[in-house]
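Chemist: Here you go, one structure.
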Amino acid sequence: MDSIFILFVGVVIVVGGILGFKLHPFLALLLAALVVALLTPVATVELFYLSKGNSTAEALKLAHKSIGERLATEFGNTCVKIGILIAMSAIIGKSMLESGAAERIIRAMLKSLGVKKAPIGFLISSFFLTIPVFVDTVIFLMMPLAKAMGLRLGKNYLLLVLCVIAGAVMANSFVPPSPGPLFLVGALNVPIGLMMVCGTLLGLCTITVGYFFAIWANKKYDIPLRDSPDARLEEIQKIANKDDSELPALGFALLPAVFPLVTICIRSGVEAFATPKMPLTQFDFLNKLIDFVLFFGDKNIALFSGALFALFVLAKQKKTMKDGMTAFVQTALMSGGGIILITAAGGAFGGMLQQTGISNHIADLTKDYQMALIPLAFIITAVVRTAQGSATVALITASGILSGMAQNANLGFNPVYLCLAIGAGAKLVPWMNDAGFWIMCKTSNLTEKEALKTIAPMQTIMGITGLILIMIAAQFFPMI
């Protein structure tokens, strides 16, 4: 059966189920994944596993697993990536809100930037934090601060949320050592330093456009900060009215967020630029110290450490809570568990779509188009990204098609522009088949409709802006 038709069926089930029949997203996504798997021939699934580098025997074995097992595997693969992160981030977020740590950070930011520049502070912070840190991690850590700032200001919550997302997603597309750009520089043989400089400049331009869109959306849509399982608003409001002396010291307030970010940054830098099997220094004790830091730089361990620090700050601030810490953590984990289930179901749906061969189908449809390579790279990536949800798969597909052309001596422009065009195309169009969409939606407490009206168009506009700027730069500075 044609993969485009299967994609259409899956889209109808997800969108119709959630928006039309008011199904819980978890059920709608699993139902769509199941139907997509039922419609996909076993031979197509076998070809998919062969394309992933499996041997013929392995591909045959994997393809003949039951649909339920394949569905559960994709569900579990997503949980592997985000399960601990979301659970620990739920504890960090709830603890920082209720201990007053988030409020302390917000007051410090307001003091240094002023009220009017607070959204810009969120925008720039999330952009530069995402360069060495996974985008999901930054969103998990920044969103509680956006909630606290929204309560503090009493307005502009949507603006703050969109600023966090805009900065994070664009750095994730353009600037190594973020995983996507790091893959592209290797696949298209582009110097990492050049990609870092060009990606940073392009990213700052696109997030500026995203900022103006966020201002417009904030004025058009009156989306308040709603009550959520993370923390009851009336309790946070009480914290917002407290005197500075009743809040944690700034150093303790920053610890749950800064420790994970710093250790992850260090690990990312070492992994990007160091030789893995060689000692980093001639001194054994320094190597052991670096190994110790790298251990805590694992994203799962870093977030777990951050959660412990957050609970320590909470217990220190609210000494009467020590006996109720188990119940507190239980409440936090329940809120995070819902996000994990929805996100993993979105990953399962995307995984089932990938097994239809949709990426290869789209690559075949576009390979003979007689158009410039830069917009072609953008279009291929955008179509694959929208069709199956995974930005990583879209990046790999586009780079696989264009890698040979990128190394052509007669290309006429630096291949870094192809890398940037692929990164820009990976922003189009986030919706229900994307696990990241659900993370942004649920951590911000936006409804699906609200996210589709705000987050999706903002990312699309930033991606298109990126393409326009890339083509202008390639025209005037082709051989940078």
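Chemist: Residue 22 is checked against (1) among the basic types (Lys, Arg); (2) modelled with pLDDT of 80 or more; (3) within 27 Å of residue 147 (Cβ to Cβ) and fails just one. What number does that condition carry?
Modeler: With (1) among the basic types (Lys, Arg); (2) modelled with pLDDT of 80 or more; (3) within 27 Å of residue 147 (Cβ to Cβ) applied to residue 22, the lone miss is (2).
Chemist: Further, regarding this structure: Quick one: in segment 97-118, which of the residues that are more than 26 Å from the chain's Cα centre (by Cα) and assigned to a loop (DSSP other than H, G, I, E, B) is modelled with the lowest pLDDT?
Modeler: Taking the candidates together, the pick is 115.
Chemist: Check whether at least one residue in segment 176-191 is open to solvent by less than 10 Å² (accessible area, probe 1.4 Å) and under 25 Å from residue 306 (Cα atoms), and report yes or no.
Modeler: Yes, that holds for at least one residue.
Chemist: Might you check whether a residue that is within 26 Å of residue 267 (Cβ to Cβ), surrounded by fewer than 24 Cβ atoms within 10 Å (Cβ to Cβ) and of a type in the set (Gly, Ala, Ser) occurs anywhere in segment 123-138?
Modeler: yes
Chemist: Inside segment 429-461, can you point out the residues that are of a type in the set (A, V, I, L, M, F, W, C) and open to solvent by 20 Å² or more (accessible area, probe 1.4 Å)?
Modeler: Taking segment 429-461 first, the residues of a type in the set (A, V, I, L, M, F, W, C) are 429, 431-432, 435, 437-441, 446, 451-452, 455-456, 458, 461.
Those that are of a type in the set (A, V, I, L, M, F, W, C) and open to solvent by 20 Å² or more (accessible area, probe 1.4 Å): 429, 431, 435, 452, 461.
Chemist: On the basis of being open to solvent by 30 Å² or more (accessible area, probe 1.4 Å), within 16 Å of residue 343 (Cα to Cα), out of contact with any Lys or Arg (no Cβ under 8 Å at 6 or more places or on another chain) and part of a helix (DSSP H, G or I), does residue 23 make the cut? Steps first, please.
Modeler: On the way: open to solvent by 30 Å² or more (accessible area, probe 1.4 Å): yes; within 16 Å of residue 343 (Cα to Cα): yes; out of contact with any Lys or Arg (no Cβ under 8 Å at 6 or more places or on another chain): yes; part of a helix (DSSP H, G or I): no.
No, not satisfied.
Chemist: Still on this structure: Among the residues of segment 44-81 satisfying the criterion of being open to solvent by 10 Å² or more (accessible area, probe 1.4 Å) and among the β-branched types (Val, Ile, Thr), which is farthest from residue 340 (Cα to Cα)? Break it down into steps so the answer makes sense when it comes.
Modeler: Filtering segment 44-81 down to residues open to solvent by 10 Å² or more (accessible area, probe 1.4 Å) leaves 44, 46-58, 60-62, 64-81.
If we keep only those that are among the β-branched types (Val, Ile, Thr) as well, we get 44, 56, 67, 73, 78, 80.
Numbers: 44: 29, 56: 34, 67: 22, 73: 15, 78: 9, 80: 10 Å.
So, considering only residues that are open to solvent by 10 Å² or more (accessible area, probe 1.4 Å) and among the β-branched types (Val, Ile, Thr), the one farthest from residue 340 (Cα to Cα) is 56.
Chemist: Also, quick follow-up: Go through segment 10-42 and give me each residue that's over 30 Å from residue 451 (Cβ atoms) and in contact with a helix residue (DSSP H, G or I) (Cβ under 8 Å, 6 or more places away or on another chain). Outline the logic, then answer.
Modeler: Step one: list which residues in segment 10-42 are over 30 Å from residue 451 (Cβ atoms), which gives 41-42.
If the condition is that a residue be over 30 Å from residue 451 (Cβ atoms) and in contact with a helix residue (DSSP H, G or I) (Cβ under 8 Å, 6 or more places away or on another chain), then 42 is the only one that fits.
Chemist: With part of a loop (DSSP other than H, G, I, E, B), closer than 26 Å to residue 16 by Cβ and out of contact with any strand residue (DSSP E or B) (no Cβ under 6 Å at 6 or more places or on another chain) as the only criterion, which of 457, 478, 430 stands out? Outline the logic, then answer.
Modeler: On the way: 457 fails: part of a loop (DSSP other than H, G, I, E, B); 478 fails: closer than 26 Å to residue 16 by Cβ.
When all the criteria are applied, what remains is 430.
Chemist: If you go through segment 111-133, how many residues are hydrophobic (A, V, I, L, M, F, W, C) and under 18 Å from residue 158 (Cα atoms)? Don't jump to the end; show me each part of the working.
Modeler: From segment 111-133, those hydrophobic (A, V, I, L, M, F, W, C) are 113, 115, 118, 120, 122-124, 127-129, 131, 133; that's our starting set.
Pick out the ones that are also under 18 Å from residue 158 (Cα atoms) and you get 115, 118, 120, 122-124, 127.
Total satisfying the criteria: 7.
Chemist: Any residue that is open to solvent by less than 20 Å² (accessible area, probe 1.4 Å), within 21 Å of residue 187 (Cα to Cα) and among the aromatic types (Phe, Trp, Tyr) - is there at least one of those in segment 417-425?
Modeler: Restricting attention to segment 417-425, the residues satisfying the condition of being open to solvent by less than 20 Å² (accessible area, probe 1.4 Å) are 417-425.
Filter once more, so that each one left must be within 21 Å of residue 187 (Cα to Cα): 417-425.
Still in the running and among the aromatic types (Phe, Trp, Tyr): 417.
Scanning segment 417-425, I find at least one residue that is open to solvent by less than 20 Å² (accessible area, probe 1.4 Å), within 21 Å of residue 187 (Cα to Cα) and among the aromatic types (Phe, Trp, Tyr), so the answer is yes.
Chemist: List the pairs whose first member sits in segment 458-480 and is in contact (Cβ under 8 Å) with a residue 60 or more places away in the chain, whose second member is among the charged types (D, E, K, R) and buried (at least 24 other Cβ atoms within 10 Å of the Cβ), and whose Cβ atoms are under 8 Å apart, counting only residues at least 6 apart or on separate chains?
Modeler: Once the first residue is in contact (Cβ under 8 Å) with a residue 60 or more places away in the chain and sits in segment 458-480, its partners that are among the charged types (D, E, K, R) and buried (at least 24 other Cβ atoms within 10 Å of the Cβ) give 459/427; 462/427; 463/427; 466/427.
Chemist: Looking only at segment 167-210, which residues are over 21 Å from residue 464 (Cα atoms), of a type outside the set (A, V, I, L, M, F, W, C) and in a helix (DSSP H, G or I)?
Modeler: Passing the criteria: 179, 186, 193.
Chemist: For residues that are polar (S, T, N, Q) and modelled with pLDDT of 75 or more, scanning just segment 386-443, find the one that is farthest from residue 74 (Cα to Cα). Spell out the reasoning first.
Modeler: First, the residues of segment 386-443 that are polar (S, T, N, Q): 386, 388, 390, 392, 397, 399, 403, 407-408, 410, 414, 433, 443.
Then keep just the ones that are modelled with pLDDT of 75 or more; that gives 386, 414, 433, 443.
Working: 386: 19, 414: 37, 433: 13, 443: 22 Å.
So the residue we want is 414.
Chemist: Of all the residues that make up segment 96-122, how many are touching a Cys at 6+ places or on another chain (Cβ under 8 Å) and open to solvent by 10 Å² or more (accessible area, probe 1.4 Å)?
Modeler: Step one: filter segment 96-122 for residues touching a Cys at 6+ places or on another chain (Cβ under 8 Å), giving 119-120, 122.
Pick out the ones that are also open to solvent by 10 Å² or more (accessible area, probe 1.4 Å) and you get 120.
Adding up the residues that qualify gives 1.
Chemist: Another one. Just checking, does segment 63-84 include any residue being among the β-branched types (Val, Ile, Thr), at pLDDT below 85 and over 20 Å from the mean Cα position of the chain (by Cα)?
Modeler: There is no residue in segment 63-84 that is among the β-branched types (Val, Ile, Thr), at pLDDT below 85 and over 20 Å from the mean Cα position of the chain (by Cα).
The values are calculated or read from the model by the stated rules, or taken from the named source; none is laboratory data. This is a predicted model, so every value here is computed, not measured. When we count neighbours, we look across all protein chains shown, and the Cβ atoms used for this are built from the backbone with ideal geometry, even at glycine. Side chains are part of the model used for accessible areas, which takes the heavy atoms of the whole protein and leaves out ligands, DNA and RNA. Shrake-Rupley method; radii C 1.70, N 1.55, O 1.52, S 1.80 Å.
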